[in-house]
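Enquirer: So that we are looking at the same thing, I have put the structure below in structure tokens.
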Amino acid sequence: MSGFPFLKDSFLQALADSASVGTGTGWHEQHLSITEGGQRLAFMPTYRKDHSWGEYVFDWAWADAYHRNGLNYYPKLVSAAPFSPVTGPRVRFADNVDRAALCARLFEQAREQAAAQDASGWHLLFPDAQTLIDFEHPELMRRHGVQFHWFNRDYDSFDDFLVGFVSRKRKMVRKERRAIADQGISVEIVEGLDIDSDLWRFFYRLYQNTYLKRSGSGGYLTAGFFSQLGETMGENLVMVVASLNDERIACALYFRDDQTLYGRYWGCVREYEFLHFELCYYQGIDYAIARNLKKFDAGAQGEHKILRGFEPVQTHSLHWIRHPGFAEAIARFLEQERRDNSAYIASARAVLPYKEGVVSDTD
């Protein structure tokens, strides 16, 4: 169970085996590693990208600026968990190694590879705090973003969590949860290997429908990706399934490790009032409390999470740009963006539903 699921071989292999990355996807494996004496000391998943889809650190404006100046922004190199905007480690290390020294060597590899492939730069997406320290370097520019995460303050139950809300917001959440039962909808949790092939097929149909509504595409990931995950990563998977009159109508897929729950994908056969909130947020909070998980990362974006107890947190990415002029221009842009993000986080915290003193500014 322990270990960040999106850095595991089983996750990365499922992406490759299922053709979710590779030819025709714009994600081409260029993994970086350091091996000495037959032992792999460090490994960092890295991809050559022909576009910026599936990253959730948006640099379309940078690509457009390159194009307007007669330059190519693509290909670029990206070290990330594809299609997964989740904060965590980005390098797997052997035991008892000098992490910072190895990261310096990985960064050098990334620059050499970018030069060899005429890539515009290298980007490290959603690193955790330790990874940021390990990759500290004057040529790496840090970019800030914002997501909304839920934190478990040793709650005994969902009601215990709601005690910290102001009365009006507490009533709102209870009303939304009651609406599920009032519509005759039942909800169950299915974990790991108990997610059978029929449920995977149902889930994947909903996954595709969700992307068709959003973008007109069938989604980034293939059916084979999810079925392989079911076989190789059962301990990391949780599915919440909603039914009406004994017919499945919706489900949400989560990943988990021993500390964190990660909300990833959801879909429904048609819209039901507050069902998205129940399956993607409230059931996740229930699960995290019951399993004593410390954090619930419900995915990118979604300001509606704030009123339901998800707190704004700063996310990060690191960027190295080969072109000196563009590196300077992007650095100026990032400085202004950092100020804007800080102001946004402050304004978001001001509308959290908690009573005074429940959440401190240092949390």
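FYI, it's all coordinate maths here, none of it is from the lab. Values in this document were obtained by computation on a predicted structure and should not be read as measured data. Positions of Cβ are backbone-derived with ideal geometry, glycine not excepted, and every protein chain shown enters the neighbour counts.
Enquirer: Let's test the formula: R0 of 45 Å, r as the Cβ-Cβ distance of S10 and L244. What FRET efficiency results, to the nearest 0.05?
Expert: Efficiency for this residue pair is about 0.85.
Enquirer: In a GNM of the chain with a 10 Å cut-off on Cα contacts, which of D154, D246, D64 has the highest mean-square fluctuation?
Expert: Maximum fluctuation in the GNM of the chain, among the listed residues, is at D246.
Enquirer: In terms of Cα to Cα distance under 25 Å, which lysines are near enough to K8, apart from those fewer than 8 places away along the same chain?
Expert: K49, K76, K294, K295
Enquirer: Rounded if a/c is under 1.5, else prolate if a/b is larger than b/c, else oblate: which is the chain, with a ≥ b ≥ c the root eigenvalues of its Cα gyration tensor?
Expert: Prolate is the answer for the chain, as a/c is 1.5 or above and a/b outweighs b/c.
Enquirer: Could you pull out every residue, at least 5 positions away or on a different chain, whose amide H is within less than 5 Å of the one on T315? Hs are placed 1.01 Å off N in the peptide plane, and Pro or chain starts have none.
Expert: Those qualifying (amide H under 5 Å, at least 5 residues apart or on another chain) are G145, V146, Q147.
Enquirer: Any number yet on Rg/Rh for the range 153-293, C-alpha, Kirkwood?
Expert: 0.98
Enquirer: Hey, another quick one. Compute the distance in nm between two label points, each set 7 Å from the Cα along the Cα-to-Cβ direction, one at D196 and one at Q208.
Expert: It works out to 2.2 nm between the two label points.
Enquirer: Compute the distance in nm between two label points, each set 7 Å from the Cα along the Cα-to-Cβ direction, one at R332 and one at S360.
Expert: For R332 paired with S360, the spin-label model returns 4.1 nm.
Enquirer: Going through the range 101-154, which trypsin sites (Lys or Arg not before Pro) have at most 15 other Cβ atoms within 10 Å and a DSSP loop state?
Expert: Those satisfying the criteria are R153.
Enquirer: Placing +1 at every Lys and Arg Cβ and -1 at every Asp and Glu Cβ, with all other atoms neutral, what dipole size does the chain have around its Cα centre, in debye to the nearest 20?
Expert: Rounded to the nearest 20 debye, it is 940 debye.
Enquirer: Next question, about the same structure. Full-extension gain between W53 and Q39, please, as 0.36 nm times their residue separation minus the C-alpha to C-alpha distance.
Expert: Fully extending the segment from W53 to Q39 adds 1.6 nm.
Enquirer: With springs only between Cα atoms under 10 Å, which of S18, S197, S52 fluctuates most in a Gaussian network model of the chain?
Expert: S197
Enquirer: Can you compute the modelled spin-label distance between D159 and M172, with each label point 7 Å from Cα toward Cβ, in nm?
Expert: 2.3 nm
Enquirer: Pulled fully out, how much extra length does the chain show between N69 and A343, if you take 0.36 nm times their separation in residues and subtract their Cα-Cα distance?
Expert: Stretched out fully, the N69 to A343 stretch lengthens by 95.4 nm.
Enquirer: Relative contact order (percent) for the chain, with alpha-carbon contacts under 8 angstrom and 6 or more residues of separation?
Expert: In percent, rounded to a whole number, it is 22.
Enquirer: Another question, if that's okay. Taking amide hydrogens as modeled 1.01 Å from N in the peptide plane, which residues meet the under 5 Å criterion relative to G267, leaving out close sequence neighbours?
Expert: C251
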